[in-house]
1. Using 1/(1 + (r/R0)^6) with R0 = 35 angstrom and r between the beta carbons of residue 78 and residue 284, what's the FRET efficiency to the nearest 0.05?
2. Please list 128-140, 36-48 highest first by mean number of surrounding beta-carbon atoms within 10 Å per residue.
3. Determine the gain in length on full extension of the stretch residue 440-residue 256; use 0.36 nm per residue of separation and subtract their C-alpha separation, reporting nm with one decimal.
4. What is the spin-label model distance, in nm, from residue 669 to residue 334 if the labels are put 7 Å beyond Cα along the C-beta direction?
5. Evaluate E = 1/(1 + (r/R0)^6) for residue 591 and residue 658, where r is the Cβ-Cβ distance and R0 equals 22 Å; express this FRET efficiency to the nearest 0.05.
6. Please list 450-457, 335-342 highest first by mean number of surrounding beta-carbon atoms within 10 Å per residue.
7. I want to check the label-to-label distance for residue 316 and residue 839. Put each point 7 Å from Cα in the C-beta direction and report it in nm to one decimal.
8. Could you give the length gained by full extension between residue 784 and residue 386, i.e. 0.36 nm per residue of separation minus their alpha carbon distance, to one decimal place?
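Just so it is clear, none of the values below were taken in a lab; they were calculated from the coordinates. All values reported here derive from a predicted model rather than from experimental measurement. For neighbour counting, all protein chains shown are included, and Cβ atoms are generated from backbone atoms with ideal geometry for every residue, glycine included.
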């Protein structure tokens, strides 16, 4: 009987037979061989497609006779295909890879790096390309498992499979041990959680020089693998970062293979305790990255006033990263012994109160990157100090540099030996500077890639010229004056501008004149004094991700060109004087997650397309406008919505019952705790001789967090972590009817505010099903009947207001409800029990008799009051008129008094009018 396993074995044998025939097919004529290769390439090309940024197929035609000049094809001196390389092209290669590559018998290098194969498997026939020396499938969106047949590539020297994600499952690595010629292996960002043999395999690759296992979920190393037998003495670059490896699992193995290491990255692991002295034995080390661990100083180091100890004696060390550990104490001046250092990063440690002087940096002639961010270090340098180094990156966020502006940075940042397009990363944010911007600043720092001086008290204005900048953050300062014209230059991909929380004034029309080669991705002018109409020129910013013009004094209608921002995820125009209806073009912004138009003068009905076209919305606030009409049921299509604020409008009608479609509020899900935009700039890049873009020199990441502004306990408060606050606020409208029962299914809702409307009927009996409710405000409506007993089940409830309704009966008993202030239940007829009264016996009423102080009593009293007031007025008026009518002297005196009063009023008005006219003329002539 033929089994399924035997059939699979037969198919596998047949596959190998065909592969071998193709591979060893001999050509007796060179022209025939080349024609065979040409046809193989065309067949290979036929199975692929290449999309440019517009989604068009951009793969070259490959029509010429000589395929050695075809795009991505490289031939050897005999004219045979030797290399296929499709990395770093202005398009993305996708599709399937044809087995016709087996006919390319001279192929030694295959590179599909940085493309997109849509999660397809790595073809097994790659294992039959026996002449391959380089195989690069990194960052190409393949999925696993990796075919073990790659172990047949005995000539392979470089294997790069990293960056294909967690679905790229490797399993055991035994097949890797057969590739004895390997010099470089990259399996980064791959699932190696089941590869318990990884360290033994590495020990059996004697020629291995570079190994990258970053973020691979590596299992701990067993004691049996700690052996020098067959270990690689050629290993010089090792990256085991982001693996949560404990010290005990990595130190013994590491220090046995460390003699020739030049670059070691152990950042983002679980290394604990003192920094081992054994690091000082790595005499060849040039780059050492130990950041984001739990390393501390031992007692001797603390007493010795040193954080580097043995590491400080390494002669060739060029990069040292100890950032985000538990280091404290002082930084010894012996740090200056590392005279070859190019990168020094101590960010995120606790050197509280320590002072850094020029003595620490006296020997740093070659330093290119200095990062002391979040260390609270105080930098004190003598007047006129000129640093011996000029790094291209200077990061001193939260260091103490002020109060005067640090003039030494004007000779500290620009490196004349580096091309101008690659330099200029300056971060002196939150550094205690309360000084005016020096006159030389913009002349000196024109064209920097990144400037962050936010959260200081820097004053001054922009110069009257174009500002060349890529990433600029001057938020939270005292800068003033007009908005300049910006230019985004120097081959950068994305630019960001943040001028929020300053005192800038005037028009924002210069935004229409932003020029340059880059694309603006973030633009924040919020919390300033800008005014006037926002220009209608947003069609020039197709890659804008976040636009914030909130809290200014803009007026007029919303620009229709906002609809051109098809990449927009965040739009805030709150706190202005915008009027009119929402432009229909806004529905083109389908990627919007955050939309805040609150506190304006917008009108019209809430458009249906908000729920239909903006289906990605997480935050929606139209609060404090003049919207009218009914709530469109299409809003129920916003299933990702976490905060809905339509309060303080003129919305009427009933609440649509379909609000239970707000999935984020109805089901317990892993929500985004914040809406943040990580804008990556992968430039600058340079053109190679072949006309293709090279590797980026560095990656700049700008993180921008949207903040929700919500009314809480009568005041507006900011909430940056949106996922912690699921809220619906429909207060201060003209909504009617009852609360739909479907709202009770929003079990994750935290805030529900329906106050100051015209709701009637009973409070929803299942209100207690909203288990996470912390704030419930139903005040100033017409709710009647008893308070539902289920309300006592809301154990998280901390703010409750049911006042000014028509509720009656006993307040349900629970520890929670009785803890609220009596004002939470005030102005309800017949409501009784704690906390407003000891019990209900004092307020129980006989049938048919109104309670003392009730509306019936009040109406009766007001009726007699107005009757009495009317009679009194009539009697008094008749008495006065009778006296004036019958007594001539009194009548004449009264008439003279009225004439004089009339003349006085007239003269006073004329004089006041003349005074106002003169004042206006005086102001106009200034």
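1. Details: r = 41 Å, r/R0 = 1.16.
Once the sixth-power term is evaluated, E becomes 0.30.
2. Numbers: 128-140: 20.8, 36-48: 17.5.
Order by mean packing, descending: 128-140, 36-48.
3. Details: separation 184, 0.36 × 184 = 66.24 nm, distance 5.36 nm.
Additional length available on full extension: 60.9 nm.
4. 5.6 nm
5. Values: r = 24 Å, r/R0 = 1.09.
It comes to 0.35.
6. Working: 450-457: 20.6, 335-342: 18.8.
For the peptides 450-457, 335-342, the packing ranking is 450-457, 335-342.
7. 9.2 nm
8. Details: separation 398, 0.36 × 398 = 143.28 nm, distance 7.76 nm.
Going from the current span to full extension adds 135.5 nm.
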